[in-house]
Amino acid sequence: MEIEYEPRQHYSESEKQNIFNNEFMPHIHSMYNFGYRLTLDRDDAKDLVQDTYLKAYRFIESFQKGTNAKAWLFRILKNSFINDYRKKSKEPSKVDYQEVETYYNSEEVDRQITPDLRVESLKDMIGDEISNALNALDVDFRTVIILCDLEGFKYEEMAKILDIPIGTVRSRLHRARNLLKEKLKSYAKSMGYNNA
Amino acid sequence: MATSPNPFIQADGKKPTCMEMLQTILDGEATDEQRVYFKQHMDHCMPCYKEYNVDIAIKELLKAKCCGGNCPDGLADQIKAKINSTSA
């Protein structure tokens, strides 16, 4: 779904600058991290962030001053990623997440895959294990973890950013957490924790 | 045993599973009342206690290791310069 870019506000040039500098720019570091985690490439992330900010400025009159700028910007970035970057992504196409979601949807599977991971083994992951595990997730699962655990967005905000129902946000987060644990469990095993 | 009514019970009366309660907590969607209830629940539910600690450790690890630092120097200025040149 495309973002609604209908201008609903009327801002003077100085108001536009003010909103841009005080409401949009403070999120640049989070935006860059989101862009990097989506593209897994620092140059692509830079381009994606730049495109997002230029778009945000161009459509600033569809943003209501004082509302949730961060969620609005994240939504633009996510849409730009899907429309402009995902198509030319170097990543090989992965399993359709819908299929994965359906597969993992049974309680029985949950029980089987919930790994017996221990806090002690996680404490020893001081290198890139967690980052690699996150990056190895399918982009749709990766995204919900970033939005919830790194950025602290609520279900309602995530639903708007991703254009999916709240119930899907919740179930996708659940699957994402289980898949991440699976990956961490294999790292723990390779680090010598037999009963990870 | 927790004696207060379970605040996770939805309007339809369905009793939540441990996993559902834990997820509400982890996803940052729990009310204060639900958090208190879950803390009491963990006192007598070992699987929840273990799972909760692992999940919180993962969340902390993610925050510590995946927030990626700052965006490249000059990017903010580059963006502002582009905007000024197009809006001028």
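The values are calculated or read from the model by the stated rules, or taken from the named source; none is laboratory data. Since the structure is predicted, the reported quantities are computational estimates derived from the model, not experimental observations. Every residue, glycine as well, gets a Cβ built from its backbone with ideal geometry; the counts of neighbours run over all protein chains shown.
The residues on offer are A:R118, A:R142, and the sole one that is within 19 Å of B:E51 (Cβ to Cβ) and in the same structural domain as A:S186 (by TED's automatic domain parsing) is A:R118.
Which of the helices (runs of 4 or more DSSP H) found entirely inside region B:20-88 contain at least 1 residues meeting this: among the small types (G, A, S) and free of Cβ contacts under 8 Å to residues at least 24 places away in the same chain?
The qualifying helices (runs of 4 or more DSSP H) are B:46-65, B:75-87.
So, B:K14, is that one modelled with pLDDT under 90 and either surrounded by fewer than 14 Cβ atoms within 10 Å (Cβ to Cβ) or over 30 Å from A:F20 (Cβ atoms) (or both) or not? So B:K14 passes the test.
A residue that is closer than 23 Å to A:D138 by Cβ, within 14 Å of chain B (Cβ to nearest Cβ), out of contact with any strand residue (DSSP E or B) (no Cβ under 6 Å at 6 or more places or on another chain) and part of a helix (DSSP H, G or I) can be found somewhere in region A:61-76.
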